[in-house]
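Inspection log for the structure reproduced underneath, given as structure tokens.
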Amino acid sequence: MKLFCVGCGPGDPELLTIRALNLIKEADVIFVPTSKSDKPSIALSIVAKYINKTTKIIHLVFPMVKDKNSLKEYWEKNTAEISRMVKTGKKTLYLTVGDPSLYSTWIYIHRELKKNYKDIEIEIIPGITSIFAFAAESKISLVEGNEHLSIVPACYDLNKVKNTVKASDTIVFLKDGRYFDNVIEMLSDTGFSEESQIAIAQDVSTNENILEIKHLKDLKGKKQPTQKYFSIMVVKRNDR
Ligand SMILES: C[S@@+](CC[C@H](N)C(=O)[O-])C[C@H]1O[C@@H](n2cnc3c(N)ncnc32)[C@H](O)[C@@H]1O
């Protein structure tokens with residue numbers, strides 16, 4: 001009784017590990033997360049061309065809300081459904097975008113499994129995260145020598161991260177381009193140099209990608225180039 005969680009990388013179907021590809025080709029059942037029942041699954045769209053016609057695909061809804069109490073119900077229901085399938089002996093996969101350990105729906109499934117389904121063995125296949133795909137696409141190295149890197153979700157209270165931001169050389173902001181205007185404002189308030197390098201990207205490693213590399217002074221008071229959820233922003237204190 002084993003469940004495989006497969007990291008599907010940032011979007012380009014070629015940015016998969018060989019282990020991920022082999023498992024996807026051999027799967028009997030593949031579970032995929034989606035935010036609404038009528039919305040396509042991004043993880044599925046990345047690997048769809050490798051999936052066998054006979055493989056059963058099951059969509060699991062994880063609503064995009066912040067209230068943990070209402071989400072818990074979905075985590076429990078979805079984990080129960082996955083567990084029932086794993087127990088039939090079918091080769092079962094759970095897919096996730098990027099890497100499973102970074103802000104992924106998998107984290108909640110994994111927690112539920114460890115708590116309530118201890119007899120299910122788990123194997124996690126790492127994936128290329130949006131962060132490293134972004135670094136490759138923009139050709140910006142994230143940190144060197146003794147520099148510090150922080151990863152911050154932009155869609156929560158940014159006042160709480162001011163100290164983290166002050167102590168970091170490079171900061172990666174994930175989760176939603178609609179909040180990047182607030183990030184620029186917060187960086188200015190935190191005393192980030194006007195010359196700091198800022199790269200903003202959307203849909204990294206896909207055909208829809210956009211990428212802009214600017215300085216803080218060029219972005220202040222302007223509408224940021226992306227309003228999409230699948231956006232990433234990297235700020236470097238030292239523009240070398
Ligand atoms: C729920 S988190 C999932 C992160 C994922 N596990 C990873 O390893 O990249 C979703 C956020 O990741 C970022 N993201 C994931 N894929 C992306 C892509 N192809 N381009 C830009 N941002 C991406 C965005 O910030 C998005 O809001």
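None of the figures in this text is laboratory data; all of them are computed from the coordinates on show. Since the structure is predicted, the reported quantities are computational estimates derived from the model, not experimental observations. Backbone-built Cβ (ideal geometry, glycine too); neighbour counts: all protein chains shown.
Roughly how tilted is helix 106-116, in degrees to the nearest 10 and between 0 and 90, from the longest Cα axis of the chain?
50 degrees
Here is the link list: 2/49; 114/236; 68/160; 115/160. Which ones come out longer than 28 Å on Cα distance? Don't jump to the answer; show the numbers that get you there.
On the way: 2/49 24 Å; 114/236 38 Å; 68/160 19 Å; 115/160 31 Å.
Where the Cα-Cα span goes over 28 Å, the pairs concerned are 114/236; 115/160.
Do you know the relative contact order of segment 1-143, to the nearest whole percent, from alpha carbon pairs under 8 angstrom that are 6+ apart? Don't jump to the answer; show the numbers that get you there.
Values: 245 pairs, mean separation 57.1, N = 143.
Relative CO of segment 1-143 lands at 40 percent.
To test your reading of the geometry: what angle, between 0 and 90 degrees and rounded to tens, separates the Cα axis of helix 68-86 from the longest principal axis of the chain?
For helix 68-86, the angle is close to 40 degrees.
At 0.36 nm per residue, minus the direct Cα-Cα distance, what do residue 12 and residue 51 gain on full extension? Give it in nm, one decimal, please. Let's see the in-between values first.
Working: separation 39, 0.36 × 39 = 14.04 nm, distance 1.53 nm.
Residue separation times 0.36 nm, minus the Cα-Cα distance, leaves 12.5 nm.
What value, in deg cm²/dmol to 500, does the helix sum -39500 (n - 2.57) over DSSP H runs of n ≥ 4 give at 222 nm once divided by the residues of the chain?
That comes out to -8500 deg cm²/dmol.
Take every DSSP beta bridge with both residues inside segment 130-236 and express the antiparallel ones as a percent of the total, to the nearest 5.
75 percent
Please find the FRET efficiency linking residue 182 to residue 116, where r is the Cβ-Cβ separation and R0 is fixed at 30 Å, and quote it to the nearest 0.05.
After rounding to 0.05, the efficiency reads 0.20.
Assigning unit charges at the beta carbon (Lys, Arg +1; Asp, Glu -1) and nothing else, what dipole magnitude in debye, to the nearest 20, does the chain show about its Cα centre?
For the chain, the charge dipole is close to 720 debye.
Taking every Cα atom in segment 2-125, find the radius of gyration and the maximum pairwise distance Dmax, and write them in Å.
13.5, 38
Could you derive backbone 3J(HN,Hα) for segment 184-197 from the dihedral phi with the Karplus parameters 6.51, -1.76 and 1.60 (θ = phi - 60°), listing whole Hz in sequence and x where the residue is Gly or Pro?
4, 4, 5, 5, 5, 5, 8, x, 5, 4, 4, 8, 4, 8
Show me the trypsin sites (Lys or Arg not before Pro) within segment 31-135 that DSSP assigns to loop and that have at most 14 other Cβ atoms within 10 Å of their Cβ.
The qualifying sites are 36, 53, 66, 87, 90, 118.
Have a look at 57, 126, 205 and report the one farthest towards the positive end of the charge dipole of the chain, computed about the Cα centre with Cβ charges (Lys/Arg +1, Asp/Glu -1).
Going by the charge dipole, the pick is 57.
Say a site is exposed when it is one of the GluC sites (Glu not before Pro), sits in a DSSP loop, and has at most 14 other Cβ atoms within 10 Å; what is then the longest site-free stretch of the chain?
15-143
Could you please rank 130, 141, placing first whichever residue has the fewest other Cβ atoms within 10 Å of its Cβ? Walk me through the numbers on the way to the answer.
Numbers: 130 26, 141 11.
By the 10 Å Cβ count, ascending, the order reads 141, 130.
May I ask you to compute the full-extension gain from residue 238 to residue 193, defined as 0.36 nm times their residue separation minus their alpha-carbon distance, rounded to one decimal in nm?
15.3 nm
Just the number, please: percent antiparallel of the DSSP beta bridges in segment 1-158, rounded to the nearest 5.
5 percent
Specify which residue in the list 226, 184, 146 is farthest towards the positive end of the charge dipole of the chain, using unit charges on the beta carbon of Lys, Arg (+1) and Asp, Glu (-1), about the Cα centre.
Most positive-ward Cα: 226.
So what J values fall out for segment 31-36 if you push phi through Karplus, 6.51 cos²θ - 1.76 cosθ + 1.60 with θ = phi - 60°, rounded to Hz, Gly and Pro as x?
8, 10, x, 8, 7, 9
Please report the relative contact order for segment 130-236, taking Cα pairs under 8 Å with a sequence separation of at least 6, and give it as a percent rounded to a whole number.
Normalised by residue count, the contact order of segment 130-236 is 32 percent.
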